[in-house]
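Right, one structure below, let's go through it.
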Amino acid sequence: QVQLVESGGDSVQAGGSLGLSCTVYGSTISSYCMAWFRQYPGKEREAVANINAAGAMRYIDSVKDRFIISKASAKNTLYLQMNSLKPEDTAMYYCAARDGPWCGLIDSFFAYWGQGTQVTVSS
């Protein structure tokens, strides 16, 4: 019933910017904890950022001051604005959501996932 669809992945040069979107279908995100994860080939998923129902944002150190997570609840859409991209940002990026009071950066706690969108940063 609940479906998350990411978009916006592309190939860009180092130092460039890219915006990702995640639209949720079948439910409202107003009460959700939502997050972005990324995954390198052959490795486990890595948290990037999350935003809770109240709008509080959290980032991992490697992306803070470069990435901005935001949401438009009226559109049921989550965003990730990525600036000053580095080659190490190259990964498949996934949107995730959890309905409940917990909001963290552990992937196993998120019930809903998108299909992923590829971000490639070249140098």
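The values are calculated or read from the model by the stated rules, or taken from the named source; none is laboratory data. Computed from a prediction, not measured in an experiment: that's the story for all the values here.
Points to keep in mind about this one:
- Single residue of Gly100, Gly104, Gly116 found to be modelled with pLDDT under 95, on the phi > 0 side of the Ramachandran plot and not charged (D, E, K, R): Gly100
- If you check Ala72, Ala54 for being within 19 Å of Trp113 (Cα to Cα) and not hydroxyl-bearing (Ser, Thr, Tyr), only one passes: Ala72.
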